[in-house]
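Enquirer: Pasting a structure here, questions to come.
Bear in mind that the values in this text are calculations on the coordinates, not laboratory data. The model shown is predicted, which means the values in this text are computed figures rather than measured ones. Here the Cβ positions follow ideal geometry from the backbone for every residue, glycine too, while neighbour counts run over all protein chains shown.
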Ligand SMILES: *Cc1c(COP(=O)(O)O)cnc(C)c1O
């Protein structure tokens, strides 16, 4: 096979510090490189391949739709788009969905809805969105501005105005920020993914949700990474007994094809009117057909299994040599290691296991349907590498 690594280095923009692995194909939890070496993929393309590589059910749904129609525009109705919206609403209690193509776009839509809602009701000064320090909301200029990490900001100023950052799990700090500013919305991840798999306190999240409701400040939960079964619930917020006004999601929803979705509650379902927002590719029929095949399989029994597998990982890894702590929920796991996380990941690659990092941690986002057998093999490798 051609040396696509060299070609990539020459012609693809230098934004990714890729690992020295040339992936050629995959099946289920297994990826294969161009020389046929097998890897257990504990990262699923950053939580995207919810049912692993080339899952049969998903593949059939996508292929079937692909041979009917690959795209029309949002000038017309298509069945997969309307079906997916209905399924999402019926399973969550949200009222309407806006479809886009990525997590950042799902968040852009959420922010636009929040600003318009507040402006319509309270005037144009109420535009601020509070986000949490250490959060991650995307790479567009506005979602970068929403991201509460200075490292992402410095090279790209001026950023979009109107974002305020508060410490996670500090409810008093958040209240103070609201008192001192005109706030349209609060946006948070229930588990900060890129920030290091940090689970927000339940009490804090509940307090924020109640306080936001009292003040008619919209609560946006960014479920780009935590959504679609990842935390052992259909959406992560369901672990917290709260009902957000807006939920954004992407990654796992499409099972491997690009999709973003912004779920709108009754309160905000009609905030956006004709012409206020749009996306050429949003709601693509092939992508939506794949997403339907994913969402329909996230039954209560299946999700309970995801939660159990998460506990199994935690139990297996905790107190192992070289492992300082394990965080996360469901199949979104962060491992604090004695060795630098990057070294652990590099050694795991040698041993045939693909893992991710998140800040200083090793991060695992395995396929939701990974077998205990495969999981055990991967965890043995990770344990051995961490103990080195
Ligand atoms: C990955 C991620 C995003 C950005 O998603 P893209 O599809 O890369 O635009 C936004 N928010 C969270 C929480 C994410 O994990």
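Enquirer: For the range 246-258, name all the residues that are touching a strand residue (DSSP E or B) at 6+ places or on another chain (Cβ under 7 Å) and closer than 17 Å to residue 82 by Cβ.
Expert: Residue satisfying the conditions is 253 alone.
Enquirer: Hey, another quick one. Taking the range 168-191 as the search range and keeping residues that are within 16 Å of the ligand (Cβ to nearest atom) and not in a loop (DSSP other than H, G, I, E, B), which one is nearest to residue 121 (Cα to Cα)?
Expert: So, considering only residues that are within 16 Å of the ligand (Cβ to nearest atom) and not in a loop (DSSP other than H, G, I, E, B), the one nearest to residue 121 (Cα to Cα) is 185.
Enquirer: Test residue 86 against the criterion of being in a helix (DSSP H, G or I), more than 16 Å from the ligand (Cβ to nearest atom) and over 21 Å from residue 49 (Cα atoms), and give yes or no.
Expert: yes
Enquirer: Could you tell me whether the range 50-65 includes any residue that is more than 16 Å from the ligand (Cβ to nearest atom), closer than 30 Å to residue 185 by Cα and in contact (Cβ under 8 Å) with a residue 12 or more places away in the chain? Quick ask: steps written out before the conclusion?
Expert: Step one: of the range 50-65, the residues more than 16 Å from the ligand (Cβ to nearest atom) are 51-65.
Subsequent filtering for residues that are closer than 30 Å to residue 185 by Cα retains none.
No: the range 50-65 contains no residue that is more than 16 Å from the ligand (Cβ to nearest atom), closer than 30 Å to residue 185 by Cα and in contact (Cβ under 8 Å) with a residue 12 or more places away in the chain.
Enquirer: I would also like to ask the following. Take residue 214 and tell me if it is more than 16 Å from the ligand (Cβ to nearest atom) and farther than 22 Å from residue 112 by Cα.
Expert: Spelling it out, it is not the case that residue 214 is more than 16 Å from the ligand (Cβ to nearest atom) and farther than 22 Å from residue 112 by Cα.
Enquirer: Can you pull out the residues in the range 110-128 that are over 21 Å from residue 274 (Cα atoms) and in contact with a helix residue (DSSP H, G or I) (Cβ under 6 Å, 6 or more places away or on another chain)?
Expert: Result: 126, 127.
Enquirer: Sticking with this one: Please go through the range 103-135 and give me each residue that is part of a loop (DSSP other than H, G, I, E, B), buried (at least 21 other Cβ atoms within 10 Å of the Cβ) and either within 16 Å of the ligand (Cβ to nearest atom) or within 19 Å of the chain's Cα centre (by Cα) (or both), ordered by number.
Expert: 135
Enquirer: For residue 241, are the conditions met, namely being in a loop (DSSP other than H, G, I, E, B) and closer than 27 Å to residue 152 by Cβ? Walk me through how you get there before you give the answer.
Expert: Numbers: in a loop (DSSP other than H, G, I, E, B): yes; closer than 27 Å to residue 152 by Cβ: no.
Taking the combined requirement at face value, the residue does not satisfy it.
Enquirer: When you go through (1) closer than 29 Å to residue 340 by Cβ; (2) free of Cβ contacts under 8 Å to residues at least 24 places away in the same chain one by one for residue 199, which number turns out not to apply?
Expert: With respect to (1) closer than 29 Å to residue 340 by Cβ; (2) free of Cβ contacts under 8 Å to residues at least 24 places away in the same chain, residue 199 is out only on (2).
Enquirer: Go through the range 195-211 and give me each residue that's within 16 Å of the ligand (Cβ to nearest atom) and in contact with a strand residue (DSSP E or B) (Cβ under 6 Å, 6 or more places away or on another chain).
Expert: 196, 197, 198, 199 - these are the residues of the range 195-211 that are within 16 Å of the ligand (Cβ to nearest atom) and in contact with a strand residue (DSSP E or B) (Cβ under 6 Å, 6 or more places away or on another chain).
Enquirer: Follow-up question, since we're still on this one. Within the range 337-388, how many residues are assigned to a loop (DSSP other than H, G, I, E, B) and over 19 Å from residue 196 (Cβ atoms)?
Expert: Taking the range 337-388 and keeping what is assigned to a loop (DSSP other than H, G, I, E, B), we get 338-340, 351-352, 355, 359-360, 365-371, 388.
Pick out the ones that are also over 19 Å from residue 196 (Cβ atoms) and you get 351-352, 367-371, 388.
Residues in the range 337-388 being assigned to a loop (DSSP other than H, G, I, E, B) and over 19 Å from residue 196 (Cβ atoms): 8 in total.
Enquirer: Any chance the range 279-301 includes a residue that's closer than 19 Å to residue 334 by Cβ and not in a loop (DSSP other than H, G, I, E, B)?
Expert: Scanning the range 279-301, I find no residue that is closer than 19 Å to residue 334 by Cβ and not in a loop (DSSP other than H, G, I, E, B), so the answer is no.
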